[in-house]
């Protein structure tokens with residue numbers, strides 16, 4: 001890729017992915033139950049080798065993958081991204097045993113991963129986490145079958161107590177990357193990351209009825225046992241594990257948004273070029289043409305900023321936090337603008353259940369909040385600029 005355009009092979013790959021999303025994945029997504037993990041869809045993503053790409057691709061390739069899938073099937077894109085978000089800490093900070101136990105299952109679409117960071121009182125301010133990991137001075141406690149045997153308790157163990165909220169794939173995930181306060185220092189310096197299988201004693205959850213086709217839920221930790229073998233990285237270094245994961249995935253959240261914006265833009269071009277109006281077609285009206293031009297310009301600007309942020313990540317640039325925040329901010333805000341105006345130009349037809357734009361209108365809102373709301377991205381950008 002140059003600074004301004006993808007290469008021919010990249011364009012061909014993206015076209016292949018868009019067709020795959022529409023032809024192979026969309027039918028599976030349509031059969032899924034809203035608010036539930038679509039395991040057949042995950043299995044298909046594994047069989048097609050797309051989940052493997054999440055863990056072997058650089059940031060730019062991950063962006064192209066997410067943008068292309070989002071264009072044809074947002075549910076497939078989201079299922080793929082959540083596997084990456086939940087399991088990337090295992091790849092980057094897990095032990096050889098943790099990787100061997102979970103990553104092949106995640107890549108095959110047989111195990112469902114989840115990233116458990118947010119809490120009822122700690123969303124945007126992730127360093128304010130309240131989930132407590134208290135040293136366990138009692139006897140060793142048994143984990144579950146899926147958890148891989150005994151865990152927690154005894155010397156070096158902890159008990160997790162508290163709640164996580166608004167966790168994607170909860171409560172149906174098979175394991176959770178959980179961030180808890182172990183108290184080695186104040187704020188972010190006292191957070192530790194753990195890999196917690198879903199069948200650990202004391203762990204329960206409930207679904208939340210959200211504006212989302214994928215599951216989002218609340219998790220309750222009632223003295224859940226974890227031990228040294230469940231650590232992801234070092235005690236007190238969990239916040240860095242979380243931020244490293246988010247810095248990788250934030251540009252690709254922008255790519256997801258760009259994919260939705262491009263789908264809405266293409267639908268609008270086709271509709272306004274054919275819809276009769278005032279003796280011609282809608283596209284003949286200057287007001288319509290100017291609005292479509294603005295939609296296209298903003299989408300292209302967002303796309304290029306996303307690619308630039310991904311390129312900076314792949315190059316090991318020191319300004320990744322700023323670039324990632326800029327990419328997510330502009331792309332998600334742009335997608336909201338483009339989808340909203342696409343609905344307006346389509347009129348009532350776009351509000352019918354099952355219409356592409358009705359679907360996108362529901363999907364496009366959440367990315368402005370999760371993985372750092374737009375206001376948080378602006379704060380990150382300002383801090384980096386003044387650093």
| task | Determine which single condition residue 144 fails, assuming it passes every other condition in (1) at pLDDT 90 or above; (2) over 17 Å from the mean Cα position of the chain (by Cα). | result | (1)
| note | Checked against (1) in a helix (DSSP H, G or I); (2) touching a helix residue (DSSP H, G or I) at 6+ places or on another chain (Cβ under 8 Å); (3) without any contact (Cβ under 8 Å) to a residue 12 or more places away in the chain, residue 293 satisfies every condition except (2)
| task | Go through segment 86-130 residue by residue and tally those that are touching a helix residue (DSSP H, G or I) at 6+ places or on another chain (Cβ under 9 Å), without any contact (Cβ under 8 Å) to a residue 12 or more places away in the chain and either in the same structural domain as residue 57 (by TED's automatic domain parsing) or part of a loop (DSSP other than H, G, I, E, B) (or both). | result | 3
| field | Every residue from segment 112-140 that is within 13 Å of residue 239 (Cβ to Cβ), at pLDDT 80 or above and surrounded by fewer than 15 Cβ atoms within 10 Å (Cβ to Cβ) | value | 128
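Here are some residues: 378, 353, 362, 298. Which one is closer than 27 Å to residue 241 by Cα and assigned by TED's automatic domain parsing to the domain that holds residue 244? Steps first, answer last, please.
Numbers: 353 fails: closer than 27 Å to residue 241 by Cα; 362 fails: closer than 27 Å to residue 241 by Cα; 298 fails: closer than 27 Å to residue 241 by Cα.
Result of the check over 378, 353, 362, 298: 378.
Conditions tested, residue by residue: (1) surrounded by 18 or more Cβ atoms within 10 Å (Cβ to Cβ); (2) modelled with pLDDT of 95 or more.
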{"position": "299", "(1), (2)": "yes, yes"}
{"position": "335", "(1), (2)": "yes, yes"}
{"position": "351", "(1), (2)": "no, yes"}
{"position": "360", "(1), (2)": "yes, yes"}
{"position": "372", "(1), (2)": "yes, no"}
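The values are calculated or read from the model by the stated rules, or taken from the named source; none is laboratory data. Here the structure is a predicted model, which means the values were calculated and not measured. As a convention, Cβ positions derive from the backbone with ideal geometry for all residues, glycine included, and neighbour counts pool all protein chains shown.
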